[in-house]
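The values are calculated or read from the model by the stated rules, or taken from the named source; none is laboratory data. Owing to the predicted nature of the structure, the values given are computational and were not obtained by experimental measurement. FYI the Cβ positions are ideal-geometry reconstructions off the backbone, even for glycines, and counts take in every protein chain you see.
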Amino acid sequence: MGVYTQSIKKGLEPDENLNFLEWADKYLYLPRESTKEYGKYRSGRTPMVKEVLLELSPSSPTEEVVVQKPTQLAGTTIGIIFLLASADMSPGPSLCVQPTGTLAESFSKKKITPTLNTTIKNSGRLKGKIKDRKIKDSGNTILEKIFPGGSWRFAGSNSGAVYRSESVRYMMLDDFDGIERSIGADGDPGELSDRRTGTFKNRKIYKNSTPLLKDMSNIEDAYKLSSQGRFEVPCPHCKELQYLEFGGKETEFGIKFERNDDSEVIKAQYQCIHCKKMIDEYQKEWMLPRGVYVHKYPKRKVRGFKYNALYTPVGWVNDWIKIVEIFLAAKNSAEKLQTFANTIMAETFEQRGSRPAWKTLSSRAEPYKITTVPSGGLLVTSGTDVHDNRLDIVVRAWGRGEENWLVYWTRIFGDVTKQEVWDQHDNILAMEFKHESGVGLRIASAAVDSGDNTHIVYNYCRRRRPVVMAIYGSQKKNQPILGRPAKKDVDYMGSTIKNGVQLWPVGTDSAKSIIYQRFNLIEPGLGYYHFPVGIDDEYYQQITAEKLVTTYNKKGFPVKAWQNVRGNRQNHALDAEVYCYAAAIRAGIATMQWDALELNYAAKGRGQEPVVAMRKQRKVRSRGIR
Ligand SMILES: [Zn+2]
């Protein structure tokens with residue numbers, strides 16, 4: 001070996017040309033505190049990591065790697081190796097994105113730093129490169145670590161660091177389904193990684209996650225566009241490859257189990273889909289190392305990988321018996337079933353029943369004309385969703401049992417700081433909706449959203465009370481649909497003004513749950529939502545734009561919330577429906593004297609005086625707008 005070669009070698013550590021997999025097996029040590037298997041790393045324990053690490057290595061031309069996985073099986077370790085091995089052998093600017101800043105900090109502190117320290121201590125790799133952050137001017141903080149030739153930045157998906165423009169060579173999107181869909185310029189978090197790594201020819205992007213909900217899963221979207229590799233293992237009997245699946249009672253493959261008299265699971269085996277013979281759990285010791293990824297689209301550039309908890313190495317927590325127990329405990333709860341599908345089987349979960357298809361609703365439109373009210377609708381209310389450049393208005397007629405009829409839907413486009421827009425809104429409030437009896441009905445109660453343009457809406461409502469009320473959508477869970485109002489106008493002494501504007505909180509989550517339940521009703525009657533023919537598809541698309549989803553908070557507990565099905569889909573009509581319902585509640589639909597109202601309309605329709613004296617009802621404004 002010549003002097004020249006030697007000097008190059010000295011300058012370019014390490015002196016071997018290893019891929020990330022070889023590097024990990026040779027140098028990586030896992031800390032006692034963060035993993036089940038600490039000490040010298042052995043990729044052979046979790047063979048599904050091997051091909052993933054090879055693709056992430058600089059020697060592979062692959063730029064993007066996608067891993068759809070269960071919780072607690074190798075995904076984070078791959079990420080740690082990605083960062084450490086690249087820093088050691090081919091350093092470059094790196095960005096590691098976690099769903100939140102807190103998670104980013106915790107990933108750096110609890111995963112990266114202990115692994116780094118344990119590795120330095122045992123193998124000496126990376127020694128002296130990444131300085132202790134306790135040393136002043138080391139260039140190192142929890143969220144940023146600078147080393148020769150590169151850096152690591154850790155950031156929450158909502159932080160400014162993610163949006164900076166300088167390019168990074170290595171990018172990791174961890175827990176990709178926890179990352180907001182709205183992160184990118186057009187609502188696609190995938191865009192972000194392309195943008196941030198754009199100028200690097202030898203860039204690497206690693207996306208991994210346990211999937212959450214069907215139609216909303218970032219990782220599933222990314223996986224679908226990838227080579228779609230699944231980790232398949234040979235059957236110890238017939239040697240045929242297969243992807244392990246949970247299966248079911250009626251399937252001739254998958255997990256089969258036995259219970260004792262106390263319903264405890266005492267045995268779980270896997271039935272081979274090919275030879276139908278039973279495989280015992282211990283046989284995974286033979287099967288896993290012989291596993292390979294079978295790619296559905298082998299020519300695609302983005303490499304996708306998928307495996308589930310049935311591949312958990314022998315001796316780890318989630319053995320097959322444990323997985324059956326989790327499944328049995330989940331069987332009767334949609335929430336737990338989702339957890340099982342997501343965290344064990346690495347599959348997305350579809351929540352049924354919560355969201356009707358827009359075409360189903362539009363196909364049930366009835367032959368009454370817009371602006372006319374069928375006989376059952378006896379009280380008209382409206383809801384207005386307010387944005388900087390538009391008002392979205394829904395008008396409904398209500399009757400017994402909260403059965404209701406859409407009578408008008410419209411949008412007013414224009415700058416809401418301008419008077420014209422509100423003049424047009426006044427025109428709608430002054431409209432007459434023709435009841436089947438011949439009587440003209442006016443809007444008895446109108447709710448206007450003051451969330452975004454508070455001052456303007458207050459001014460508008462103040463002069464039109466009590467028919468028009470200012471409302472805001474409460475973010476709190478389990479709120480009443482219409483809460484108690486707060487007085488917002490105070491005089492110069494700080495006392496509330498008697499006839500000042502009131503702000504009414506609306507429990508949007510509760511209202512949406514009820515409205516969606518009612519959209520799913522098949523027979524007209526209590527609570528049923530009617531639609532007239534002639535309403536644009538746009539309306540139906542907007543009112544079905546959301547669904548109730550379960551996500552997991554930091555502690556792993558499921559949290560339910562209404563979310564847009566797709567980041568960009570507009571939902572103004574749905575918001576307006578919520579406010580319209582709140583206005584109906586304020587108008588007193590719960591205690592309304594429907595019979596009296598109906599008789600009086602009939603009399604008035606015949607040109608007679610009211611036949612029944614209406615009990616004075618605190619909240620009814622039958623006069624309509626003045
Ligand atoms: Zn077999």
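Summary table below
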item: Failed condition for A365, given (1) without any contact (Cβ under 8 Å) to a residue 12 or more places away in the chain; (2) touching a Phe, Trp or Tyr at 6+ places or on another chain (Cβ under 6 Å); (3) not aromatic (F, W, Y); result: (1)
item: Failed criterion for K276 (all others in (1) exposed (fewer than 13 other Cβ atoms within 10 Å of the Cβ); (2) modelled with pLDDT of 95 or more; (3) away from the ligand (no atom under 16 Å from the Cβ) hold); result: (3)
item: Checklist (1) away from the ligand (no atom under 16 Å from the Cβ); (2) of a type in the set (S, T, N, Q); (3) without any contact (Cβ under 8 Å) to a residue 40 or more places away in the chain applied to Q271, failing item; result: (1)
item: Flag for W286 being within 16 Å of the ligand (Cβ to nearest atom) and either outside the structural domain of A511 (by TED's automatic domain parsing) or surrounded by 15 or more Cβ atoms within 10 Å (Cβ to Cβ) (or both); result: yes
item: Neighbours by Cβ (under 6 Å, 6+ apart or cross-chain): first from region 237-249, within 20 Å of A309 (Cβ to Cβ); second within 13 Å of the ligand (Cβ to nearest atom) and in a loop (DSSP other than H, G, I, E, B); result: Q242/I273; G247/F253
item: So A329, is it within 30 Å of L406 (Cβ to Cβ), surrounded by fewer than 17 Cβ atoms within 10 Å (Cβ to Cβ) and among the hydrophobic types (A, V, I, L, M, F, W, C); result: no
item: Qualifying positions in region 438-453 - touching a helix residue (DSSP H, G or I) at 6+ places or on another chain (Cβ under 9 Å) and not in a loop (DSSP other than H, G, I, E, B); result: L441, I443, A444, S445, A446, A447, V448, D449
item: Test: residue in region 302-317 that is within 16 Å of the ligand (Cβ to nearest atom) and either of a type in the set (A, V, I, L, M, F, W, C) or surrounded by fewer than 18 Cβ atoms within 10 Å (Cβ to Cβ) (or both); result: yes
item: Count of region 505-524 residues which are in contact (Cβ under 8 Å) with a residue 60 or more places away in the chain, polar (S, T, N, Q) and not in a loop (DSSP other than H, G, I, E, B); result: 1
item: Any strands (runs of 3 or more DSSP E) falling wholly within region 214-282 and containing at least 1 residues that are touching a Leu at 6+ places or on another chain (Cβ under 7 Å); result: 229-234, 265-271
item: Residue match in region 390-406 (condition: of a type in the set (G, A, S), assigned by TED's automatic domain parsing to the domain that holds D536, assigned to a strand (DSSP E or B) and over 32 Å from the mean Cα position of the chain (by Cα)); result: yes
item: Residue satisfying condition, being of a type in the set (A, V, I, L, M), surrounded by 17 or more Cβ atoms within 10 Å (Cβ to Cβ) and modelled with pLDDT under 95, within set L12, L18, L28, L54; result: L18
